[in-house]
1. Calculated FRET efficiency, residue A:282 and residue A:127, Cβ-Cβ r, R0 22 Å, to nearest 0.05?
2. Keeping the other protein chains in place, figure out the carbon and sulfur percent of the accessible area of the protein assembly as shown, with a 1.4 Å probe.
3. Please get the size of the charge dipole for the range A:8-63, origin at its Cα centre, with Cβ charges of +1 on Lys and Arg and -1 on Asp and Glu, quoted in debye to the nearest 20.
4. Along the Cα-to-Cβ line of residue A:220, 7 Å from the Cα, sits a label point; which residues in the range A:247-274 have backbone N less than 14 Å from it?
5. Only Lys, Arg, Asp and Glu count, each charged at its Cβ (+1, +1, -1, -1), so figure out the dipole size of the protein assembly as shown about its Cα centre, rounded to 20 debye.
6. Residues of chain A: accessible area per residue at 1.4 Å, in Å²?
7. At each listed q (0.12, 0.16 Å⁻¹), what is the log10 of I(q)/I(0) that the Debye formula gives for the range A:2-87 modelled as equal alpha-carbon point scatterers?
8. Residue B:28's amide H: which non-local residues (gap 5+, or another chain) put their own amide H closer than 5 Å, with H modeled 1.01 Å from N in plane and none for Pro or chain starts?
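The values are calculated or read from the model by the stated rules, or taken from the named source; none is laboratory data. Since the model is a prediction, treat every value here as computed from it, not as a measurement. Here the Cβ positions follow ideal geometry from the backbone for every residue, glycine too, while neighbour counts run over all protein chains shown. Side chains are part of the model used for accessible areas, which takes the heavy atoms of the whole protein and leaves out ligands, DNA and RNA. Shrake-Rupley method; radii C 1.70, N 1.55, O 1.52, S 1.80 Å.
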Amino acid sequence: MLTRIVRFAGNYACLSIADESLLRIVESVIRTEHGACEESSQCFYSLRYQQGSGDYVLRQDDQLLYAGARVDEVCRVLISDLITTLVSPYNAGLAVHAAAVGVDGNAVVIPGTSGAGKSTLAAWFVSHGNHYLTDEVVVIDPTTYEVAGFFRPLHIKAPALQAVYSLIEERVASECAQQMHTPDNSPVTLIEPERIAPQSARDGYRAQVMLFPEYSADKDFKLAPMSPAQCAHRLMGSLINARNLQNKGLDAVAKLARSIPGYQIRYRHFSELTDLHTLLKEYLEIPAHP
Amino acid sequence: MTKQTEHEIPLMNDRVPRCAEGFTLEQFDHEILLFNVAKDETLYLNATAAMIWGLCDGERTVRQIIELITAGYPDSVADVEHDLYDTLQTLSRHGAIEFS
């Protein structure tokens with residue numbers, strides 16, 4: 001068995017993987033580290049093939065999470081369960097359903113519910129030379145506003161796929177064939193950020209601006225500042241670990257919303273975002289942290 | 001937002017709204033977030049809604065609240081009244097005010 005560690009939100013999980021081929025599958029969707037696993041670990045996953053059928057079998061501890069032939073489904077279940085497991089106990093800061101990118105050393109946090117356009121906007125930022133952190137969940141330190149993202153490939157849903165492909169060379173786009181499905185069976189294409197633009201590893205981004213996206217095919221472009229109260233309202237709707245936090249996270253969310261400016265951004269296609277980068281760079285030059 | 005019928009509006013005027021218990025308030029300048037602890041639901045009140053909510057003290061009737069608010073907007077009484085009813089309906093629907 002091969003062992004790997006996945007760390008996030010101050011927590012870690014151990015993966016025990018049957019062989020190299022399964023490891024390649026796992027590492028195509030999750031960033032892992034080498035490390036020793038103890039089977040007594042509270043977060044212990046095992047992935048192997050079922051003898052005879054060759055089906056994938058994924059367990060967390062003694063609980064069967066998936067048994068079946070679909071590689072995309074075993075990956076989806078693994079990612080989803082890992083995030084839940086790693087984030088659930090987190091109480092040192094805010095865990096927010098959000099994408100995030102590093103822009104000029106600062107983090108642009110893109111909170112939103114599923115379908116809001118987080119991944120698409122993150123892809124656009126990456127195509128403009130920025131560093132991809134996540135398109136799913138971030139944890140934000142309530143004091144330093146340092147942002148860490150759960151790294152996974154960009155998950156691009158069908159309606160946005162052509163737009164994202166337009167950011168990539170045709171040859172590369174054709175190689176982005178890894179498919180998944182959401183729980184409601186909508187197709188999702190996984191795209192490594194490196195396929196869009198070169199990425200360099202870096203930590204320590206601090207949240208400097210929040211963008212609340214709305215991808216809309218039939219509405220005009222809009223980039224409008226939001227009040228701290230509006231930002232806090234939206235953040236509360238994307239907060240994952242409210243139950244772990246004092247006052248269900250309201251205090252920490254309000255503090256964050258007062259400190260970090262937020263903007264509503266509504267767009268139909270990427271051409272409307274031409275000035276966004278310049279605009280954001282102007283904002284990012286203004287220190288948000290007193 | 002639920003539409004009121006013409007029949008409902010006058011009936012509300014003599015009722016006395018009061019802020020419900022079980023909400024945590026976060027004040028942002030003139031705006032407010034109300035957090036329903038039991039439902040894990042956050043309600044955003046813009047400046048006008050926050051003012052209306054603040055007037056729901058369990059003593060004023062809806063009519064008295066209307067009079068207080070419209071005094072500042074004599075040229076748009078009908079619009080203000082309509083907005084106020086909408087706001088009260090929204091607050092009531094989310095359990096943030098109760099009527100007696």
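1. Working from the Cβ atoms, E equals 0.65.
2. Numbers: 9040 of 18690 Å².
Accessible surface attributable to carbon and sulfur in the protein assembly as shown totals 48 percent.
3. Values: 4 positive and 9 negative charges, 34 e Å.
That gives a dipole near 160 debye.
4. A:266-268
5. Numbers: 32 positive and 50 negative charges, 105 e Å.
Dipole size: approximately 500 debye.
6. Numbers: 13030 Å² over 290 residues.
Accessible area per residue, chain A: 45 Å².
7. Computed log10 I(q)/I(0) values: -0.30, -0.54.
8. Residues meeting the amide H criterion: B:33.
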